[in-house]
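Laboratory data are not the source of any read-out in this text; all were calculated from the coordinates shown. Note that the structure is predicted; figures quoted are calculated from it, not measured. As a convention, Cβ positions derive from the backbone with ideal geometry for all residues, glycine included, and neighbour counts pool all protein chains shown.
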Amino acid sequence: MKVRLFMIGCLIFTLSLVDGQPVQKPGSAGDILEHLKQDGAEDQVTIVLDSLLEANYYKFMAMNQKESGIPGYRIRIFSESGLGAKEEQQKVRARFLSLHPEIDAYYRYDEPFFKVYVGDCRTKSEVIKLMEAVKKNFPNSIWVPDYINLKSSE
């Protein structure tokens, strides 16, 4: 018993001395490129960048902030335009969700088309497997590259 208490005490003491890196949330507390470029007494490396490289870096960062999700694949089960297309879009999505309640379905309007996409597949093998199940009820469906929602592991 004394040995266990001693070990727990040593562990707590050791953990209290650990000084890790501060946690920064994405999009907060500065830009990593600016932090690297700053001169200071402790810096051992000086970074010199071409202005075009720096401009491309900031374009890339802006593009990533606009995109939501990660690259993956979805299946488009509906794409129509014209009168009644929006109502048909809602019916197709409702029909899909009644057949596959465990799979997410998404509305999208890409002018002039109303579309319904299903699934959040990370790989081609996942989307092909899902396609086999979906094709039975939606024969005109196709899989397309898209930005998908990252599923939380439970």
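For the ranges 98-106, 72-80, what's the packing order if you count other beta-carbon atoms within 10 Å of each residue, average per peptide, and put the highest first?
Put in order of decreasing packing, that is 72-80, 98-106.
So what is the diffusion coefficient of segment 70-148 in µm² per second by Stokes-Einstein at 20 °C and 1.002 mPa s, using a Kirkwood Rh over Cα pairs? Intermediate values should be presented prior to the final figure.
Numbers: Rh = 12.5 Å.
The diffusion coefficient I find is 171 µm²/s.
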